[in-house]
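Notes follow once the structure below has been shown.
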Amino acid sequence: MSATKRTVFIDAAAILFGVYTAWTVFFGPLFLGPNDFPGDPGDARFNVFILEHVWRWLSGEEVSLTSPGIFYPYPFTLAFSETHAGTAWAYALFRLGGLDPYGAFKAWFLLGYMLTFLASYHVARKFKLAPFLACASAFAFSFSLPSLIQMGHAQLLWRPAVPYAFYYAWCYGVDARAKDAYKFLIAIAIQTLINVYLGLFAFALCAILFLVAQLSLTGFSPIALFKDIRKRAVGLVRLDRNSAAWATAAVVIVLLLFVVLGFQAYAASIYGLGRSYGDMVDKIPQPASYLIMDRLRYWAGISGMIQGVPVRNEQQIFIGVPLFVWLIIGLVVVFSSQSEAAQKTLKILAVSIVVAIIIFTGERGVSPYWLLAKLPGFDAMRAIARYVIILIFPISIFVALFIQDVVAAQKVWLRNLLTLFFVIWVAADAALLDRISYPASSARASVEKMRSEFPKNMNKNSVLLVGDVPGTNPTVRVLDVMLAGQSQGIRTLNGYSGNTPPGGKKVFKTCGEATRMLKEYDNWAREHDRTPLTDISMSIVALGLDCEDLTTQEVRKVQITRGPAPSREQGRLIYLSNLRISDENPHIINVKINNNSASYIHALSSHPLRLSWRDSSDKGWNNRYDVAVDIGPEDSTIVQWVLPANINLHKLQVTFVIEGMYWAHDIGIAPIRYSEHSSPAETVGP
């Protein structure tokens with residue numbers, strides 16, 4: 001057998017070994033077990049909703065790609081979360097092949113991991129790693145603990161362009177070949193189309209790698225650095241035929257990326273979307289975060305000892321014992337060694353990894369990431385700790401190169417032994433991590449049950465209003481309605497996404513909240529020259545609430561303004577009356593709010609008026625209920641919501657609160673009480 005054929009055979013064996021291992025420890029137990037759907041009934045099914053929306057648009061069943069049928073009639077709601085611009089094609093192919101939405105999603109899920117593994121292996125071999133060590137490195141990145149722990153956010157698993165982005169950033173840094181720069185742009189653009197979070201993180205980490213590689217050539221000499229920059233600039237425009245082809249491809253894919261990002265930027269501008277540094281600060285990893293992985297069985301005890309880390313679910317970024325230990329050993333050896341054993345590649349990777357960790361880590365709100373958060377794109381990100389999902393690629397390459405070229409240099413038997421040990425432990429981590437999954441059959445049944453509850457007389461103008469049902473999960477409920485409605489081409493007033501429009505909610509606790517949402521849309525539409533509410537033909541179908549009188553014509557009559565909160569003096573002139581409760585269980589409650597003052601009670605305020613209830617004097621007050629519309633002087637409004645089943649009506653009390661300022665009882669107004677022996681119309685507060 002020739003050397004070339006032997007190499008191909010060994011590569012194939014290494015890849016098959018990796019695929020077999022992935023199936024044995026991860027895909028097999030997941031897909032063949034009772035809980036065969038990856039993720040939870042929330043985010044995972046939202047990904048199904050978006051992917052299915054794109055498929056329905058491609059197949060001609062949806063008119064608008066950019067406006068899925070949620071938060072209707074607001075437009076461009078696709079931009080509120082992940083668009084799946086770079087991966088929806090794969091889901092569409094599986095749907096075209098006859099799979100239902102859940103089967104297509106599982107196939108899409110598997111393909112994302114496997115493409116990431118194959119790309120990682122290919123690039124690892126380009127870094128001159130031996131086949132089975134390259135397999136170990138690729139597996140460590142593709143099935144890393146920080147990736148698997150985010151299984152419910154399946155948009156984060158597709159990383160096939162990340163290895164190429166790092167490789168070509170490295171190549172351009174050390175060799176300054178123009179075609180490598182254009183290949184890098186193609187890779188980073190593809191990854192950003194796949195997922196903006198991971199694309200931007202990859203861009204930042206690759207930029208660090210490139211700068212470190214460049215400085216390894218020029219040092220910190222300003223003259224040498226200037227000459228190098230000028231040389232690279234000239235090289236980018238003086239192209240041979242091969243480089244010109246790569247440049248053309250880069251221009252095309254980057255323009256496509258600009259179209260997608262431009263759409264998202266436009267939507268962000270008209271909706272006022274964005275994040276402040278304060279929104280990010282609790283999600284920037286702390287030093288202790290790098291040791292947290294609560295669902296890794298053998299590590300849970302150690303992880304549980306680490307307390308005080310905010311937003312803990314987003315700080316699960318421990319990379320596993322084998323990677324962590326070899327990384328620490330490798331960094332110590334590389335930074336302390338003066339010999340050629342600590343070769344140039346390892347030093348560049350080591351410095352890049354350390355610099356990245358410093359930039360992306362903080363303590364008590366102080367982090368160098370504050371500067372990065374000023375840049376476009378990075379200012380819209382929130383879960384900063386997810387950068388580790390990308391950082392693991394250079395870490396895995398560094399560890400594998402360290403084992404091969406330093407620890408086991410000239411000792412093939414030792415390299416093979418360490419590779420075997422490394423693969424076994426990394427695979428064991430993937431097997432021992434408690435995964436989040438649930439039965440696909442339950443997901444199908446839940447949606448089908450919701451579909452069976454829809455009225456039979458709905459048409460293309462019907463719009464579903466999702467009311468809150470006590471005892472149900474709002475996220476699960478709204479997604480059931482979204483998916484059931486989507487299958488019939490029916491839109492919803494509510495929605496579930498990463499952002500919401502003015503007035504938008506998962507579920508409406510009251511009809512008044514739905515009224516407010518529609519009124520806020522009407523105001524927003526007039527400000528942004530969009531279709532006003534009166535020109536939209538829709539018939540609202542309420543699920544879980546009695547909102548029969550909710551029409552676009554009635555909404556237009558409603559007044560919703562922003563203003564100061566009622567003072568204590570004004571609050572003493574507010575009273576509750578007409579407490580009515582329906583006979584069915586769960587009970588629908590109606591309460592009238594009377595404003596006997598000479599001032600408006602504004603629906604929109606920094607300290608809004610809300611209602612609250614309890615069914616025992618020794619209990620705290622329960623959920624808040626917004627007042628959806630302004631209440632004028634000497635005027636009133638009725639608030640309706642659904643009470644949980646089996647509450648003690650004999651002890652039911654309702655009160656109001658000016659949020660953040662005072663409760664009714666603080667100003668001498670006792671709660672209104674329900675009595676089944678009194679006339680509901682005459683049941684009044686003090």
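Within the same chain, aspartates and glutamates fewer than 8 places from residue 179 are excluded, and of the rest, those with a Cα less than 13 Å from its Cα are 240.
Its relative contact order, with pairs defined as Cα atoms under 8 Å and 6+ residues apart, puts segment 118-197 at 28 percent.
Peptides 27-37, 282-292, 565-575 ranked from most to least packed by the mean count of surrounding Cβ atoms within 10 Å: 282-292, 565-575, 27-37. The lysines within cross-link reach of residue 509, meaning a Cα-to-Cα straight distance under 19 Å and a gap of 8 or more places when in the same chain, are 519, 592. Between segment 311-333 and segment 189-244, how many Å separate their Cα centres? Between the Cα centres of segment 311-333 and segment 189-244 lies a distance of 27 Å. Taking the chain, the Cys residues with no second Cys beta-carbon under 4.7 angstrom are 135, 171, 206.
If a/c stays under 1.5 just call it rounded; otherwise compare a/b with b/c (prolate if a/b is bigger, oblate if not). Do that for segment 274-436, with a ≥ b ≥ c from the square roots of the Cα gyration tensor eigenvalues.
Taking the square roots of the gyration eigenvalues as a ≥ b ≥ c, segment 274-436 is oblate.
A DSSP coil position with no more than 10 other Cβ atoms inside 10 Å describes none of the chymotrypsin sites (Phe, Trp or Tyr not before Pro) in segment 78-172.
From helices alone, the chain scores -15500 deg cm²/dmol at 222 nm; the rule is -39500 (n - 2.57) for each run of n ≥ 4 DSSP H residues, then divide by the residue total.
Counting alpha carbon pairs within less than 8 Å and at least 6 residues apart, what relative contact order, in whole percent, applies to segment 440-557? Before the final figure, lay out the partial values.
On the way: 154 pairs, mean separation 34.1, N = 118.
Relative contact order, segment 440-557: 29 percent.
Using a Debye calculation, one point per C-alpha and no hydration shell, please list log10 I(q)/I(0) for the chain at q = 0.05, 0.06, 0.07, 0.10 Å⁻¹ in order. For the chain, the Cα-only Debye profile gives -0.30, -0.43, -0.57, -1.03.
Across segment 107-121, the residues whose backbone nitrogen lies under 19 Å from the label position 7 Å along the beta-carbon direction of residue 58 are 107-116. Among 409-416, 347-354, 202-209, 321-328, sorting by the average number of other beta carbon atoms lying within 10 angstrom of each residue, highest first, gives 202-209, 347-354, 321-328, 409-416.
Were the residues from residue 638 through residue 414 laid out at 0.36 nm apart, the gain over their Cα-Cα distance would be 72.9 nm. Taking every alpha-carbon pair within segment 568-682, the share separated by more than 19 Å comes to 43 percent.
Please list 426-437, 357-368, 228-239 highest first by mean number of surrounding beta-carbon atoms within 10 Å per residue. Can you show the working numbers first?
On the way: 426-437: 19.2, 357-368: 15.4, 228-239: 12.7.
Descending packing order for the listed peptides: 426-437, 357-368, 228-239.
Segment 579-631 and segment 13-43 have Cα centres lying 49 Å from one another.
Each other residue within a Cβ distance under 14 Å of residue 149 adds +1 if Lys or Arg and -1 if Asp or Glu, for a net charge of -1. If I take every Cα pair under 8 Å that is 6 or more residues apart in the chain, average their sequence separation and divide by the length, what percent do I get for the relative contact order? The normalised contact order for the chain reaches 13 percent. Here the extension length gained between residue 277 and residue 573 equals 102.4 nm, from 0.36 nm per residue of separation less the Cα-Cα distance. For segment 116-140 and segment 372-448, write down the distance between their C-alpha centroids in whole Å. About 13 Å separates the Cα centre of segment 116-140 from the one of segment 372-448.
Shape of segment 160-273 from its Cα gyration tensor (a ≥ b ≥ c, root eigenvalues): rounded if a/c is under 1.5, otherwise prolate when a/b > b/c, or oblate? In terms of gyration-tensor shape, prolate.
Every read-out reported here was derived from the displayed coordinates using simple, explicitly stated rules and does not represent laboratory data. All figures in this text were calculated on a predicted structure; none of them were measured in a lab. FYI the Cβ positions are ideal-geometry reconstructions off the backbone, even for glycines, and counts take in every protein chain you see.
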